[in-house]
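The structure appears below as structure tokens.
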Amino acid sequence: MPKGNEVIYHRSSIETATASAIRRLQARKFDEQARRILSSNKFYQRKFASAGLRPEQVKYRNFAAFPFTLKSELVQDQLEHPPFGTNLTVNPSRFIRMHQTSATTGKPLKWLDTRACWRWWMECWAYIYRGVGVRADDKVFVAFSFGPFIGFWTAFEGAQKLGNLVLAGGGQSSEQRVLSILENKATVLVCTPTYALRLGEVAGQMGGVDLRQSSVRLTINAGEPGASIPATKQRIEELWGAKCYDHPGMTEVGAYGFECALQTGGVHLNEGEFIFEVVEPATGRPVGDGEQGELVISNLGRIGMPLIRYRTGDRVRLNSDKCACGRTFRRAMGGVLGRVDDMITVRGVNVFPSGVENVLRGFPEIEEFEIEVFKERHMDELVIRIELKAGLSPDADPLAALVQNKVRAQLGIRARVSIAEKGSLPRYELKARRIKVRAAGV
Ligand SMILES: [Zn+2]
């Protein structure tokens, strides 16, 4: 089987449409759903009324005047109107699924889908699977525990809807997952980037298992931006002997983007099913092509619990050039570059966690890592703890010094690097949390 690179479209007339044709499609879809939302959805009725907009003014042509939707408003709404809040367009009995965000702090957001909304998720996944080059004869393995987090449920059912054989990796240890992938000759692996690496680590400990010899020809990695971090992508590709594709999505918004089979340095944004804007985080003003800003998304097919102008908190940089794959869907170059609020400042130098990850993943000796930022005698300190691959001696002072030098050369910051004991750093199946910021005096 070829290792990817085959350009396949799900809906070529939309994926290759001109920008003006895309705007017309978005206008039609938006106006149609806005009528329904404004007739019954209390959350959006309140929001538009408090922005001084009458229901008949909620039309695509006035889009730029609409208020943004913030995550904090959704959280507050669910707290005040438990359990699901008031962002409900249809009668509660119409919903068939409930999922929730993988909140790292506070209460997770609950999100409901109707049968039609769920079908729309499957449609979005069809763009993703075709976009990365999945064909009818591919066998898709979903390495996921199938809990309340939505991400990979939709991947699972989306592949099934396309007619692919789908293998559930829930309720299994990592060893069992590796064996299932090998035995059943899975060709597509869907999981977080962290977990694609973790399976590699586990395979290495199983003795004689070489994942490059497996049938897996491509991986779709979601839940974290790692598959667009060059050194992480390269590592996954080398480990699996497969192409690694990034797919960004969000529980509350949908599966909105995919890297195309040609891997042209960015993820395509599905402009057939969503409206995307990029704004300055502080002012909400739009930024141009090539400039970094916060991604704002409106979805066009999830009417039960819709989102209009949702501030994602994710930083992106768009490129509107037509892609080599023929798609006109704009691309977020380098994928999601980080969170608007995840910048760390170390002695006046701004660094993003993805930048540190890119340096560390460039060292094949490093299996896992953790970053800690804190103040000591009023100075910012950055500590990086690294765990080495199995079989490597922990007596690796020269490596710590090499890592320290490379971090300084590439990011301009001085870090203390130490080697952690084997198996002492946490491993992650879902969202990895490798950064710790310690408040002063703690
Ligand atoms: Zn492309």
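The values are calculated or read from the model by the stated rules, or taken from the named source; none is laboratory data. Source: prediction; values computed, not measured. Virtual Cβ from ideal backbone geometry, glycine too; neighbours counted across all protein chains shown. We work out accessible area using only protein heavy atoms, side chains counted, and drop any ligands, DNA or RNA first. Shrake-Rupley method; radii C 1.70, N 1.55, O 1.52, S 1.80 Å.
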Strands (runs of 3 or more DSSP E) within the stretch 239-282 that include 1 or more residues away from the ligand (no atom under 12 Å from the Cβ): 243-246, 274-279
Restricted to the stretch 9-49 and to residues being open to solvent by less than 70 Å² (accessible area, probe 1.4 Å) and of a type in the set (Asp, Glu), the residue farthest from ALA126 (Cα to Cα) is ASP31
Could you check the stretch 58-72 and list, in sequence order, the residues that are assigned to a helix (DSSP H, G or I), surrounded by 15 or more Cβ atoms within 10 Å (Cβ to Cβ) and modelled with pLDDT of 95 or more? TYR60, PHE63
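Would you check which residues across the stretch 286-332 are touching a strand residue (DSSP E or B) at 6+ places or on another chain (Cβ under 7 Å), polar (S, T, N, Q) and either open to solvent by 10 Å² or more (accessible area, probe 1.4 Å) or under 14 Å from HIS268 (Cα atoms) (or both) and list them?
First pass over the stretch 286-332, keeping only residues touching a strand residue (DSSP E or B) at 6+ places or on another chain (Cβ under 7 Å): 286-287, 289-300, 302, 304-319, 323, 327, 329-332.
Imposing the further condition that a residue be polar (S, T, N, Q) reduces the set to 292, 298-299, 312, 319.
Once the filter is applied, which keeps residues that are touching a strand residue (DSSP E or B) at 6+ places or on another chain (Cβ under 7 Å), polar (S, T, N, Q) and either open to solvent by 10 Å² or more (accessible area, probe 1.4 Å) or under 14 Å from HIS268 (Cα atoms) (or both), the stretch 286-332 yields GLN292, ASN319.
Conditions tested, residue by residue: (1) open to solvent by 20 Å² or more (accessible area, probe 1.4 Å); (2) over 21 Å from GLY151 (Cα atoms); (3) of a type outside the set (A, V, I, L, M).
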{"position": "VAL190", "(1), (2), (3)": "no, no, no"}
{"position": "GLU201", "(1), (2), (3)": "yes, yes, yes"}
{"position": "GLY204", "(1), (2), (3)": "yes, yes, yes"}
{"position": "LEU218", "(1), (2), (3)": "no, no, no"}
{"position": "ALA231", "(1), (2), (3)": "no, yes, no"}
So, ALA231, is that one assigned to a helix (DSSP H, G or I), out of contact with any Phe, Trp or Tyr (no Cβ under 7 Å at 6 or more places or on another chain) and closer than 21 Å to VAL356 by Cα or not? yes
Quickly run through the stretch 172-187 and pick out the residues that are touching a residue at least 40 places away in the same chain (Cβ under 8 Å) and surrounded by 19 or more Cβ atoms within 10 Å (Cβ to Cβ). ILE181, ALA186, THR187
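Can you pull out the residues in the stretch 206-216 that are open to solvent by 60 Å² or more (accessible area, probe 1.4 Å) and part of a helix (DSSP H, G or I)?
To start, the set of residues in the stretch 206-216 that are open to solvent by 60 Å² or more (accessible area, probe 1.4 Å) comprises 208, 212-213.
Within the stretch 206-216, ARG212, GLN213 meet the criteria.
Name the residue, out of GLY131, GLY169, that is without any contact (Cβ under 8 Å) to a residue 40 or more places away in the chain and open to solvent by less than 10 Å² (accessible area, probe 1.4 Å).
Details: GLY131 fails: without any contact (Cβ under 8 Å) to a residue 40 or more places away in the chain.
Sole residue among the options that is without any contact (Cβ under 8 Å) to a residue 40 or more places away in the chain and open to solvent by less than 10 Å² (accessible area, probe 1.4 Å): GLY169.
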In contact with a Lys or Arg (Cβ under 8 Å, 6 or more places away or on another chain), surrounded by fewer than 18 Cβ atoms within 10 Å (Cβ to Cβ), under 25 Å from ARG46 (Cα atoms) and not polar (S, T, N, Q): does that describe VAL279? yes
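Looking for something touching a Phe, Trp or Tyr at 6+ places or on another chain (Cβ under 8 Å) and under 30 Å from ASN91 (Cα atoms) - is there at least one such residue anywhere in the stretch 332-354? Talk me through it step by step, then tell me what you get.
Keep residues of the stretch 332-354 that are touching a Phe, Trp or Tyr at 6+ places or on another chain (Cβ under 8 Å), which gives 337-338, 342-344.
Those left that are additionally under 30 Å from ASN91 (Cα atoms): none.
Within the stretch 332-354, not a single residue is touching a Phe, Trp or Tyr at 6+ places or on another chain (Cβ under 8 Å) and under 30 Å from ASN91 (Cα atoms).
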Looking at the stretch 400-435 only, could you name the residues that are open to solvent by 40 Å² or more (accessible area, probe 1.4 Å) and of a type in the set (Phe, Trp, Tyr)? none
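Determine which member of the set PHE352, PHE374 is more than 16 Å from the ligand (Cβ to nearest atom), more than 26 Å from GLN26 (Cα to Cα) and in contact with a Lys or Arg (Cβ under 7 Å, 6 or more places away or on another chain). Spell out the reasoning first.
Details: PHE352 fails: in contact with a Lys or Arg (Cβ under 7 Å, 6 or more places away or on another chain).
It is PHE374.
Going through the stretch 333-345 one residue at a time, which ones are away from the ligand (no atom under 12 Å from the Cβ) and open to solvent by 20 Å² or more (accessible area, probe 1.4 Å)?
Here is the first cut: in the stretch 333-345, the ones away from the ligand (no atom under 12 Å from the Cβ) are 334-345.
Within the stretch 333-345, GLY334, VAL336, LEU337, ARG339, VAL340, ASP341, ASP342, MET343, THR345 meet the criteria.
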If I ask for residues that are open to solvent by 20 Å² or more (accessible area, probe 1.4 Å), out of contact with any Leu (no Cβ under 8 Å at 6 or more places or on another chain) and on the phi < 0 side of the Ramachandran plot, which ones from the stretch 346-373 would you list? ASN350, PRO353, GLU357, ASN358, GLY362, PRO364
Going by what's in this entry, would GLY223 be described as away from the ligand (no atom under 16 Å from the Cβ), within 26 Å of GLY355 (Cα to Cα) and not in a helix (DSSP H, G or I)? yes
The residue that is most open to solvent (accessible area, probe 1.4 Å), considering only those in the stretch 97-128 that are small (Gly, Ala, Ser) and modelled with pLDDT of 95 or more, is ALA116
Of residues in the stretch 73-96 being outside any helix (DSSP H, G or I) and free of Cβ contacts under 8 Å to residues at least 24 places away in the same chain, the one farthest from ALA49 (Cα to Cα): ILE96
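Among the residues of the stretch 179-199, is there at least one that is over 18 Å from TYR428 (Cβ atoms), at pLDDT 95 or above and hydroxyl-bearing (Ser, Thr, Tyr)? Lay out the reasoning, then the answer.
Let us first name the residues in the stretch 179-199 that are over 18 Å from TYR428 (Cβ atoms), namely 179-188.
Okay, now just the ones that are also at pLDDT 95 or above, so 179-188.
With hydroxyl-bearing (Ser, Thr, Tyr) added as a condition, the list becomes 180, 187.
Yes, the conditions are met somewhere in the stretch 179-199.
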Hey, GLY158 within 16 Å of the ligand (Cβ to nearest atom), assigned by TED's automatic domain parsing to the domain that holds LEU211 and within 22 Å of the chain's Cα centre (by Cα) or not: no
